[in-house]
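Colleague: This is the structure I want to talk about, given as structure tokens.
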Amino acid sequence: MSSAEEESCKDVQEFVERVIRDCGLRLEVKVGLLEDGSVGIDLAGEDEGLVLSENGRLLYALNHLVNQVFFRRMKGSGAFRVDCGGYRSLRERELSLLAEKAAERARTWRSKVVLQPMPAAERRIVHLALAGRADVRTESEGRGRNRRVTIVAVEPGYDG
């Protein structure tokens, strides 16, 4: 890790620790570089349940905040991933399975399958999980907190 990367990780850790402390949460913060070059921020402690409640709403909000603050500081060269107790990798697997099952349902019944509302990061996982399939397509519909993914069966020969 270069000295610039070490300094960035230190700044991110101090920022997240301050936010956590100011929110009155009892969590430890660990920051390091991930294999893909992004900065990983892992939270652990007594208040994990609060961070993960409502489908990780606070986790995603903190991730968004960190990205907004440090993206500008790093002039667009950094990406940040906040996780808590391995929630995000578990949720990614869950969403990929959900997407595949919904795609099979849409294809079998030749109908739309509308998933529950989810944050942008989760909708992206669903879109990517089905991107290579020619028999279905995905769309995001709705606004704000009600935005959801719809999976639609594609007729053979469809090219759009």
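Throughout, read-outs are computed from the coordinates displayed, never taken from laboratory work. All values derive from a computational prediction rather than experimental measurement. Cβ: placed from backbone, ideal geometry, glycine included. Neighbour counts: every protein chain shown.
Colleague: I need two numbers for segment 90-160: Rg to one decimal and Dmax as a whole number, Cα atoms only, in Å.
Modeller: Cα-based Rg and Dmax for segment 90-160 come out at 11.6, 35 Å.
Colleague: How big is D, in µm² s⁻¹, for segment 120-160 by Stokes-Einstein at 20 °C and 1.002 mPa s if Rh is the Kirkwood radius over C-alpha pairs? If you can, show how the numbers build up before the last one.
Modeller: On the way: Rh = 11.0 Å.
Translational diffusion coefficient: 196 µm²/s.
Colleague: Right, next: Please give the residues of segment 84-110, grouped as numeric ranges, whose backbone N is less than 20 Å from a label point set 7 Å along the Cα-to-Cβ vector of SER53.
Modeller: Counting only backbone N, you get 84-88.
Colleague: So, one more: Exactly which GluC sites (Glu not before Pro) in segment 1-84 are in a DSSP loop and have at most 15 other Cβ atoms within 10 Å? Write out the running numbers ahead of the final one.
Modeller: Values: sites: GLU5, GLU6, GLU7, GLU14, GLU17, GLU28, GLU35, GLU46, GLU48, GLU54; in loops: GLU35, GLU46.
Of the GluC sites (Glu not before Pro), the ones in loops of segment 1-84 whose Cβ has at most 15 other Cβ atoms within 10 Å are GLU35, GLU46.
Colleague: Kirkwood hydrodynamic radius for segment 12-160: how many Å is it when counted over pairs of different Cα atoms?
Modeller: Values: mean 1/r = 0.0588 Å⁻¹.
So the Kirkwood estimate lands at 17.0 Å.
Colleague: Taking Cα pairs under 8 Å and at least six residues apart, what relative contact order does segment 34-160 come out at, in percent?
Modeller: Numbers: 160 pairs, mean separation 26.8, N = 127.
Computed over segment 34-160, the figure is 21 percent.
Colleague: About its Cα centre, what dipole magnitude does the chain give when the only charges are +1 on Lys and Arg Cβ and -1 on Asp and Glu Cβ, stated in debye to the nearest 20?
Modeller: Values: 26 positive and 26 negative charges, 165 e Å.
Using only the charged Cβ atoms, the result is roughly 800 debye.
Colleague: Once the principal axes of the Cα atoms of segment 6-49 are found, what is the range along each, listed largest first in whole angstroms?
Modeller: If we take the Cα atoms of segment 6-49, the spans are 30, 19, 9 Å.
Colleague: How high is the relative contact order of segment 59-120? Use alpha-carbon pairs under 8 Å, at least six apart in sequence, and give a whole percent.
Modeller: Values: 22 pairs, mean separation 15.6, N = 62.
Reported relative contact order: 25 percent.
Colleague: 5 Å is the cut-off here: which amide hydrogens, built 1.01 Å from N in the peptide plane, fall below it relative to ALA44, excluding neighbours closer than 5 in sequence?
Modeller: So ALA44 has HN proximity to GLU28.
Colleague: In Å, what Rg and Dmax follow from the Cα atoms of segment 4-84?
Modeller: Spelled out, the Cα radius of gyration and Dmax of segment 4-84 are 12.1, 36 Å.
Colleague: Distance from the Cα centre of segment 40-106 to that of segment 11-35, in angstrom?
Modeller: 14 Å
Colleague: Then there's this: Exposed loop sites here are trypsin sites (Lys or Arg not before Pro) in DSSP loop states with at most 12 other C-beta atoms within 10 Å. What is the longest stretch of the chain lacking them? Numbers along the way, then the final one.
Modeller: Values: sites that count: ARG26, LYS75, ARG110, ARG143.
Maximal segment without exposed cleavage sites: 27-74.
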